[in-house]
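Q: The structure under discussion is supplied below as C-alpha cells; questions concerning it will follow.
Taken together, the values in this text are just the output of simple stated rules run on the coordinates, not laboratory data. Predicted model, so just to flag it, every value in this text is computed and none were measured. So basically every Cβ, Gly included, is an ideal-geometry build from the backbone, and we count neighbours across all protein chains shown.
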Amino acid sequence: MRKNDIFYLSLGMISLAKEKIEEQFIEFKKTVQHSCEQGRKFLQDKEQGMPRDKENLERLISEKVREAVRDLDLATRDDLKELKKELEKLLKSKDV
C-alpha cells in the first residue's frame, strides 16, 4: 500500500466514524428530549393532582380522627354543648 492509499483509507474511516457519531448523537438527543418531555408531563400531572390529593388526605385524616374519638368514647363538641345546656337548665331550676 502506498502512503496516499493509507491516507485516503484513514480519511474514509474518520468520515464513517463521524457519521456514526452524529447518528448516535441525534438518537441520544431524541431520547433526552423524550425523557425531558416525560419528566415535564409527570411534574405537570403531579401539580394538577396536588389539590385533589390534599383534599383527599384532609378528608381521610378527618374521618380517622372521628373514628378514633368514637372508638375512645370521648365527648364531642356537640356532647359538651348539650351537657352545658342541661347544666345551665339545672342551675336555673335550682335558683328558682
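Q: Based solely on its DSSP helices, what 222 nm [θ] is calculated for the chain when runs of n ≥ 4 H residues each add -39,500 (n - 2.57) and the sum is averaged over all residues, nearest 500 deg cm²/dmol?
A: The per-residue figure over the chain is -34500 deg cm²/dmol.
Q: Can you tell me what the convex hull of the Cα atoms of the chain projects to on average, as an area in nm²?
A: Averaging across all directions leaves 12.7 nm² for the Cα convex hull.
Q: If the only charges are +1 at each Lys and Arg Cβ and -1 at each Asp and Glu Cβ, what is the size of the charge dipole of the chain around the Cα centre, to the nearest 20 debye?
A: 280 debye
Q: Can you tell me the 0 to 90 degree angle between the C-alpha axis of helix 77-95 and the longest principal axis of the chain, rounded to 10?
A: Value to nearest ten degrees: 20.
Q: Here's a follow-up. On a 0 to 90 degree scale, rounded to 10, what angle separates helix 3-72 from the longest Cα axis of the chain?
A: 0 degrees
Q: List the equivalent ellipsoid semi-axes of segment 1-52 in whole Å, largest first, each obtained as the square root of 5λ for an eigenvalue λ of the Cα gyration tensor.
A: 50, 4, 4
Q: Leaving out same-chain residues fewer than 8 places away, which lysines sit with a Cα under 22 Å from that of Lys81?
A: Partners found: Lys89, Lys92, Lys94.
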